[in-house]
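Single-structure report; data block below.
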Amino acid sequence: MPSDSIHLRFLGGAGTVTGSKFLLEVDDRRILVDCGLFQGLKTLRNLNWARPDYDPATLDLVILTHGHLDHCGYFPRLERYGFTGEIWGTEPSLAVAEIILRDSAKLQEEEANHANRWGYSKHHPAKPLYATEDVPRTLERFRPQAAGKWQQVSPAVAVRFRPVGHIIGAAFLEVDIDGRRLVFSGDVGRPGDPLLPDPERPERADWLVIESTYADRLHPPADPAEQLGQLITESYADGGTLIIPSFSVERAQSLMYYLWQLRQAGKLPAGMPLYLDSPMASRVLHVFDRFPDWHKLSPETCRNMADTIHTVRTYPESLDVQAREESRVVIAGSGMVTGGRVLSYLTRHVEDARTRVLLVGFQAQGTRGRQLEQGIHEIKIFGKYYRVKASIHRLEGLSAHADQQELLHWAGEIQPDPAGVWIVHGEPHAADVLRVKLRDAYGWSTFVPALDETVTLKVPVAG
Ligand SMILES: [Zn+2]
C-alpha cells in the first residue's frame, strides 16, 4: 500500500547555511536527516539552546550526510531530549563526526570557562551547550552504512548513500518511499578536487532538497598553490606571520597538500617554518589513512603531506609556538575564527601590519571570519577589542562547495522533472538565486522553505 502521508519539515538549514535538520515523516515513521548546529549570528546560535518543539524521543532514526558541525553538532542535545534511535552515516562520515563532536564539546566548555573567568556572559554561571562527557552516548548510536547500497529503514522506506565530494565520507542521500524518490543533496563538492573523487550525481528524484551555499557565485579559476606560495614568500620577506584559520576537515588537508607540492617544487623559503596547530586536523588525516577508497591520495602522499608541516601536538607546545617571534606559517582552527587556537594567534599578531590572515572557506554571517573578510577595523576576542592591522586575504579555488554552475550541472541529469525542489543551506540571496536558476534552466517547481516550514510531498502524477 503506497504511503499517502509524507511530510518534510525544515528544522534548520532553511533561510541560512547552518543548522541543517530535516524531519521526514512517512506514515508513522520519523526520520531526521542531519542534526546540525546553528552557527554565526547570535539569534541563530540561540536556537541551539531552545527546547525542540518536536519530541526527539519519537524519532526512529537520524541519517547523517557528512561530518561537518553544522550537520552533526546537535546530536548530544538531541540525546539530552530523549533520542534513543540509531544514527546512520558512511563510515568515514561517522569517524569525522566523532572528531568534530569531541572538539565541539571542548570548545563549548572552553567558551563557558572563559566567560565565567572574565565575566562577559549574561548567564551566571555560563554553561556549555554540551560537555565532553555527553559525547560517548551519541557515539554509541553510530551505525556505519556502506555507500552505493540500498538499506531498508522500514517496509516502505529505503535509503542509499552516494559519494558527493565535499569532505571525506560526504554523501548525498536517496530515500526511496514506496518506489518514489526523495533526494537530499547534502553539501555538494566540486569536480576536479585534488583530494576527492568527483561527486556522483542523481539520475532520478521525484522530490529534491538541494544546498545553495555558493549558488550566487562562480568560483574564479585559480591556482591555490600559486597564491599560497606568493603569500608565504611575501610574509617571509618582511618577517611577518601568515595565519590561516582553517577548517580541520578537508581544507587543512588541502592546504597540507599544496604546501607539500610547493616545497617539492622548491617554491617555499627554506627558513620558513610551517605549523599545523590543530590536533583535530591531524586526526582527520588519520581518517584519510583509514579509508583509502574515499579519496585520491596514495599512502605515500599522505605521509609526505604530514612530513611537510610540523604538527603541534600539545597545548604547552602551542603556547611555545605562539610566543615565538620568528616569521612563520600557522594553520589553526577554527575556520570561521569562532573558536580554537587561531584566536590566540590573532590576539598576538592581528595588530601587527606584517601579519597576513588568509581565509580559506565559507565565512558565515556573524562570525569573526566574515567580519575580517568585510574589512572590519577592530575585532573582539575573549571579550577584548584588537585593532586589525593585519592584511586579510582570501584563498580562491579551495572551496569545498559547488558554485552556481556546478550545482546546476550536479542536478542536471535528473529525469523526469521532480514534482518539487526545495532550496536549503544558503543565505537568502544565494537560495533565491538557485530557486530562479533551477526553475529557468529546467522548468522545475522550486521553493525556498522558511525555517520550521512543513511541506507535504505529493505523489507525482504519472506521465
Ligand atoms: Zn559541509
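The values are calculated or read from the model by the stated rules, or taken from the named source; none is laboratory data. Since the structure is predicted, the reported quantities are computational estimates derived from the model, not experimental observations. Ideal geometry is used to build each Cβ from the backbone, glycine not excepted, and the neighbour counts take in all protein chains shown. For accessibility, only protein heavy atoms count, side chains too; no ligands or nucleic acids. Shrake-Rupley method; radii C 1.70, N 1.55, O 1.52, S 1.80 Å.
Select from region 64-92 the residues that are away from the ligand (no atom under 16 Å from the Cβ), crowded, with 23+ Cβ neighbours inside 10 Å and not hydrophobic (A, V, I, L, M, F, W, C) and list them in ascending order.
Residue satisfying the conditions is P76 alone.
Return yes when L37 is assigned to a loop (DSSP other than H, G, I, E, B) and either in the same structural domain as D176 (by TED's automatic domain parsing) or in contact with a helix residue (DSSP H, G or I) (Cβ under 7 Å, 6 or more places away or on another chain) (or both) and no when it is not. First the steps, then the outcome.
Values: assigned to a loop (DSSP other than H, G, I, E, B): yes; either in the same structural domain as D176 (by TED's automatic domain parsing) or in contact with a helix residue (DSSP H, G or I) (Cβ under 7 Å, 6 or more places away or on another chain) (or both): yes.
Considered against the rule, which asks whether it is assigned to a loop (DSSP other than H, G, I, E, B) and either in the same structural domain as D176 (by TED's automatic domain parsing) or in contact with a helix residue (DSSP H, G or I) (Cβ under 7 Å, 6 or more places away or on another chain) (or both), L37 comes out as yes.
Residues of region 20-55 being touching a residue at least 40 places away in the same chain (Cβ under 8 Å) and of a type in the set (V, I, T), which ones?
V26, I31, V33, listed by residue number.
On the basis of being surrounded by 14 or more Cβ atoms within 10 Å (Cβ to Cβ), among the hydroxyl-bearing types (S, T, Y) and at pLDDT 90 or above, does T338 make the cut?
No; evaluated as a whole, the condition is false for this residue.
A57 - would you say it is surrounded by fewer than 19 Cβ atoms within 10 Å (Cβ to Cβ), aliphatic (A, V, I, L, M) and either in a loop (DSSP other than H, G, I, E, B) or within 14 Å of the ligand (Cβ to nearest atom) (or both)? If you could, list the steps in order and put the result at the bottom.
Numbers: surrounded by fewer than 19 Cβ atoms within 10 Å (Cβ to Cβ): yes; aliphatic (A, V, I, L, M): yes; either in a loop (DSSP other than H, G, I, E, B) or within 14 Å of the ligand (Cβ to nearest atom) (or both): no.
It is false that A57 is surrounded by fewer than 19 Cβ atoms within 10 Å (Cβ to Cβ), aliphatic (A, V, I, L, M) and either in a loop (DSSP other than H, G, I, E, B) or within 14 Å of the ligand (Cβ to nearest atom) (or both).
Taking the condition of being closer than 16 Å to I99 by Cβ and surrounded by fewer than 18 Cβ atoms within 10 Å (Cβ to Cβ), how many residues in region 131-149 meet it?
4
As an exercise: evaluate S344 against (1) outside any loop (DSSP other than H, G, I, E, B); (2) open to solvent by 10 Å² or more (accessible area, probe 1.4 Å); (3) touching a residue at least 40 places away in the same chain (Cβ under 8 Å) and give the number of the one condition it does not meet.
If we test S344 against (1) outside any loop (DSSP other than H, G, I, E, B); (2) open to solvent by 10 Å² or more (accessible area, probe 1.4 Å); (3) touching a residue at least 40 places away in the same chain (Cβ under 8 Å), just (3) comes out false.
Looking only at region 25-33, decide whether some residue is within 14 Å of the ligand (Cβ to nearest atom), surrounded by 24 or more Cβ atoms within 10 Å (Cβ to Cβ), in a loop (DSSP other than H, G, I, E, B) and within 17 Å of the chain's Cα centre (by Cα).
Here is the first cut: in region 25-33, the residues within 14 Å of the ligand (Cβ to nearest atom) are 33.
Next cut, surrounded by 24 or more Cβ atoms within 10 Å (Cβ to Cβ) only: 33.
Applying the additional criterion that residues be in a loop (DSSP other than H, G, I, E, B) yields none.
Checking region 25-33: not a single residue is within 14 Å of the ligand (Cβ to nearest atom), surrounded by 24 or more Cβ atoms within 10 Å (Cβ to Cβ), in a loop (DSSP other than H, G, I, E, B) and within 17 Å of the chain's Cα centre (by Cα).
For region 394-408, name all the residues that are open to solvent by 50 Å² or more (accessible area, probe 1.4 Å) and touching a residue at least 60 places away in the same chain (Cβ under 8 Å).
Across region 394-408, the qualifying residues are E396, Q405.
Just to be sure before I move on: is R143 in the same structural domain as E200 (by TED's automatic domain parsing), modelled with pLDDT of 95 or more and either away from the ligand (no atom under 16 Å from the Cβ) or under 30 Å from K42 (Cα atoms) (or both) in the structure I sent?
For R143, the condition - in the same structural domain as E200 (by TED's automatic domain parsing), modelled with pLDDT of 95 or more and either away from the ligand (no atom under 16 Å from the Cβ) or under 30 Å from K42 (Cα atoms) (or both) - is met.
Quick check on region 347-362: of everything there that is in contact (Cβ under 8 Å) with a residue 40 or more places away in the chain and out of contact with any Lys or Arg (no Cβ under 8 Å at 6 or more places or on another chain), which residue is surrounded by the fewest Cβ atoms within 10 Å (Cβ to Cβ)?
R354
Does region 150-169 contain any residue that is of a type in the set (G, A, S), under 26 Å from the mean Cα position of the chain (by Cα), within 16 Å of the ligand (Cβ to nearest atom) and surrounded by 14 or more Cβ atoms within 10 Å (Cβ to Cβ)?
yes
Hey, could you check region 4-24 for residues that are in a loop (DSSP other than H, G, I, E, B) and of a type in the set (A, V, I, L, M) and say which is surrounded by the most Cβ atoms within 10 Å (Cβ to Cβ)?
V17
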